[in-house]
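The values are calculated or read from the model by the stated rules, or taken from the named source; none is laboratory data. Quantities reported herein were computed from a predicted structural model and do not represent experimental measurements. Every residue, glycine as well, gets a Cβ built from its backbone with ideal geometry; the counts of neighbours run over all protein chains shown. We work out accessible area using only protein heavy atoms, side chains counted, and drop any ligands, DNA or RNA first. Shrake-Rupley method; radii C 1.70, N 1.55, O 1.52, S 1.80 Å.
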Amino acid sequence: MEPEGTTEGQAANLAQSAALKLSQMSERTKQLGTAIQDPDRQRRIILVIVCIALLLDNMLYMVIVPIIPDYLEELQGRAQSAVVHTNSTNSTISKTPKVNIDLQIGVLFASKAILQLLINPLSGTFIDRVGYDIPLFIGLSVMFLSTLIFAFAENYATLFLARSMQGLGSAFADTSGIAMIADKYTEEAERSRALGIALAFISFGSLVAPPFGGVLYEFAGKRVPFLVLACICLADAVLCLTVLKPFSNRERENMPVGTPIYKLMIDPYIAVVAGALTTCNIPLAFLEPTIANWMEETMQASQWEIGMTWLPAFFPHVLGVYVTVKLAAKYPHLQWFYGAIGMVFIGASSCTVPACKNFGELMIPLCGICFGIALVDTALLPTLGFLVDVRHVSVYGSVYAIADISYCVAYALGPVVAGQIVHDLGFVQLNLGMGLANVLYAPALLLLKNVSQLKPSFSERNMLLEDGTTGLYDTIKMEEREKKRKGLCTTIDENGIDTFAQRSYSEEESSGGEYA
């Protein structure tokens, strides 16, 4: 009897300990849920999710640089060997694979940016209509699928499909991610800092991807780098689904209707910023497909030097982001000046690239180009959000779709146009033209000099717009106040009206006809 009693006691103790552990886990889950709902912590988690998405997108864009040329040659070799097996007269096709491979590489590189360029006007409008979380999740899901297709692709058509799908996913993930940061960080200093962090991740992804892909491709095969990126993408999508709960968030029902993208495009201030973003990224987009051949011809560069060409430029890019964020916090009215200085940096550095005689000298102008791009992007991306706040409706999908279009124009033209320019005019003329374009465009940013004098006040917003509206930030803040005072009430009560009255305008005057 004694052993049976002991066994029953042990079982009871085990049951009690299991129940205690379950209750502790339940309590921790509740604490975690409460912590996630805290606005400051939620903003940080959202920033992490968006930064990982931007990192992945840019790593996927650049990771194929060392993989695809070699892999396409391998595919061509297989096809040629099959032809040799069946046909002994293969002497006439010995020179054609080289031309075909160059054309295939150019089209494959440009397809992502071209499709992203075409989808962005639609994705920006879609983001304005449904909010930021659902498009971000859609973009991550499409990027995950495209990465898996890249990993298991065995022919050029499948590679082209995967590359195009990546452009589709990027049009949703990049635009909604940047717009979400602008929406969550409403103070100019905080917004500038958060967008600077996002730009640092973009730079890190672009510059570290070629060595990452090259090493894994060399030692583990083609599939491994894409499978690693697919796992990270899946984890980020699960985090987005868990934290943002895109399909259960009902705040989008009260979102104001954003300004149509065509109206934003004809805003002169936004047009100047978009032109600057395109012009400053042209040197990077045009040098990436052409600089490897130039290095082989002029300085007999080795393969590792070509692979490491852009990696040192990551550090001045981060330095440029840091410097611009610090300067913008102290002197926010000079954002246009930081962008102009960045374009001069880019222009001067681009003009000096052809004068370099060895790998060490080449690092200096390339670092200067990336430092200048950091100045321009970090200064002007927050400016786009500010312009929407003071001149339009504070919904950011379409305006950051315009920014993404600006980048895509440069990166769609780069692989297609740069090689032809080098062939017809020469590498020196290409760099001088890009440098001159940046230097000549810099004075255009003087048009943004008086933008900082516009204040995002409601009275000024009503004067500037035909449709005087409150922004998304104001709507969400009003709802948060109501929830604090009235629990989960979703209707506007007297407290909400009193809040609007303190802001000196009525709900009917400010939001009539603008809410979806």
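Before moving on, here are some points about what is shown:
- In this structure, Ala355 and Glu187 have a Cβ-Cβ separation that, at R0 = 51 Å, corresponds to a calculated FRET efficiency of about 0.70.
- Cα Rg, Dmax, region 161-303, angstrom units: 19.6, 61
- Segments 376-382, 132-138, 439-445, 352-358 sorted - mean Cβ within 10 Å per residue, highest first: 376-382, 132-138, 439-445, 352-358
- Using the average count of surrounding beta-carbon atoms within 10 Å as a protection proxy, the listed peptides 335-342, 103-110 rank, highest first, as 335-342, 103-110.
- With all protein chains modelled, accessible area of Phe359 [1.4 Å, Å²]: 40
- Each Lys or Arg adds one and each Asp or Glu subtracts one; over the other residues with Cβ under 13 Å from the Cβ of Leu366, this totals -3.
- Nearest-0.05 FRET efficiency for Ser248 and His423, computed from C-beta distance (R0 41 Å): 0.15
- Accessible area of Phe247 in the full protein assembly, 1.4 Å probe (Å², nearest 10): 130
- Here the spin labels are modelled as points 7 Å beyond Cα on the Cα-Cβ line, and at Ile232 and Val48 they lie 1.6 nm apart.
- Put simply, region 188-271 fits an ellipsoid with semi-axes of 35, 22, 14 Å; these come from the alpha carbon gyration tensor as the roots of five times its eigenvalues, largest first.
- Under the Karplus curve 6.51 cos²θ - 1.76 cosθ + 1.60, θ = phi - 60°, whole-Hz ³J(HN,Hα) for region 342-359, x wherever Gly or Pro sits: x, 5, 5, 4, 4, x, 5, 5, 4, 5, 8, 4, x, 7, 6, 10, 8, 5
- Debye log10 I(q)/I(0) for region 135-237, one point scatterer per Cα, at q = 0.19 Å⁻¹: -1.01
- Ordering Leu216, Leu195 by accessible surface, largest first, gives Leu216, Leu195; the 1.4 Å probe counts only protein heavy atoms, with every chain in place.
- Alpha carbon convex hull of region 282-396, projected area averaged over orientations, nm²: 8.0
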